[in-house]
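Heads up, the thing below is written out as structure tokens.
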Amino acid sequence: MMPVSKRTFATTSITKTSNLFPWLVFCEDNNDIIYCFVIPVHNEYYLLEFSELLLDATICFQKDGWLLMSREEILFFYNPFTRETINLPHVGHHFSSSICFCSLPTSADCTVFAIDQSDQGTITVYSITRGKQVWDIFNFDNAIQYRPLCNPPILHQGAFYCVDYNGLLGAFNWKDKTWKVHGIPRERYSDTYTYPSFLVKSGEDLLLVKLGCQEKLVTVLNFDLRVNDWVEVESLGKHMLFISHTSCFSAIAPNSQMENKIYLPRLCLNGDGILFYSLETGRYDSFGGWHTSKNLYETESWRANCTWIEPNWSKFTPRELNWVESPS
């Protein structure tokens with residue numbers, strides 16, 4: 001399939017490319033099996049039709065080109081580039097976010113981790129590692145009233161971290177299976193219901209990207225364990241951030257034009273491409289067009305059922321695609 005600058009329907013796999021810049025993928029309607037892939041750098045759009053497997057399915061998380069998807073209480077991995085699937089053991093719980101996996105699902109150490117606030121007021125952690133058939137479930141007292149955001153957790157220095165609506169940072173220590181909350185609840189984070197926040201790992205830092213109103217469009221903060229609080233970051237340097245409710249990560253920019261920017265799961269109108277925010281200029285701009293603004297006018301709404309994805313065309317054996325089998 002030849003690259004195009006407008007939306008084109010294709011029934012075959014997307015053409016392989018040497019460009020490893022993350023793509024945006026989304027489904028217009030959960031009741032559909034047609035997904036749109038947007039390649040930001042070249043402002044290319046592809047529409048692909050997948051199997052009935054994806055009907056009514058929701059994207060929960062993405063890593064290394066694999067999607068973690070859910071349909072009611074069913075969880076499965078799906079690679080849209082190779083159309084390979086890995087089914088997970090039944091968990092008996094519905095997840096739409098606050099879930100992640102730490103490595104390729106074909107790896108022996110791949111672990112799926114999820115966190116939820118139960119009806120009983122406790123924090124419940126779910127986890128399963130490749131080769132296991134039963135999920136581990138841990139319950140912790142929620143005395144601090146930690147309320148998890150609809151954001152994927154992040155594995156960092158041996159713990160799974162996640163942020164809540166008040167800016168508290170929760171940590172589940174993977175080695176000793178303990179739960180701890182860092183930070184102090186702040187009123188400045190209480191508008192997260194209106195303006196979302198996103199936890200991102202960048203090198204050895206845990207960053208919080210907080211979207212705001214017109215006076216402060218985007219704020220980036222770094223959690224400093226020494227002061228047990230968030231500290232504002234003025235520049236990302238050579239890094240660029242990709243944020244969504246299902247995948248947040250950092251990357252070194254391939255050139256100076258792309259660094260110090262935050263890429264959003266949002267499209268501009270009139271085919272002007274994917275929206276990004278520049279910390280240097282304090283403005284929203286786009287790939288492939290002339291859009292530049294201090295606000296979100298002339299842009300499409302925030303994308304649901306979407307994620308940033310890192311293209312991966314590697315294919316695997318049937319044994320590697322069986323979760324309970326050792327991949328070796």
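Of note:
- The mean sequence distance of close C-alpha pairs (under 8 Å, at least 6 residues apart), as a share of the length of the stretch 43-139, puts its relative contact order at 18 percent.
- Taking each of Lys177/Lys238; Lys177/Lys261; Lys63/Lys238; Lys180/Lys315; Lys63/Lys210; Lys238/Lys294 in turn, the alpha-carbon distance tops 32 angstrom for Lys177/Lys238; Lys177/Lys261; Lys180/Lys315.
- Cβ-based net charge around Ser127, under 13 Å, with every Lys or Arg adding one and every Asp or Glu removing one: +1
- Relative contact order [Cα under 8 Å, 6+ residues apart], the chain, whole percent: 16 percent
- Value of relative contact order over the stretch 125-284, rounded to a whole percent, pairs C-alpha under 8 Å and six or more apart: 13 percent
- Ordering 150-162, 129-141 by mean Cβ neighbour count within 10 Å, with the highest value first, yields 150-162, 129-141.
- Of all accessible heavy-atom area on the chain, the percent that carbon and sulfur account for (1.4 Å): 51 percent
- Each peptide in 174-181, 73-80, 44-51 was scored by the mean count of other Cβ atoms within 10 Å over its residues; highest first, the order is 73-80, 44-51, 174-181.
- Enclosing the Cα atoms of the chain in their convex hull gives a volume equal to 140 cubic angstrom per residue.
- Relative frequency of Cα-Cα separations exceeding 25 Å in the stretch 205-315, percent: 22 percent
- Average accessible surface area per residue within the chain, 1.4 Å rolling probe, Å²: 45 Å²
- Here the stretch 20-141 has an Rg and Dmax of 15.5, 49 Å, counting Cα atoms alone.
The values are calculated or read from the model by the stated rules, or taken from the named source; none is laboratory data. Computed from a predicted model, the values in this text were never measured in an experiment. Virtual Cβ from ideal backbone geometry, glycine too; neighbours counted across all protein chains shown. We work out accessible area using only protein heavy atoms, side chains counted, and drop any ligands, DNA or RNA first. Shrake-Rupley method; radii C 1.70, N 1.55, O 1.52, S 1.80 Å.
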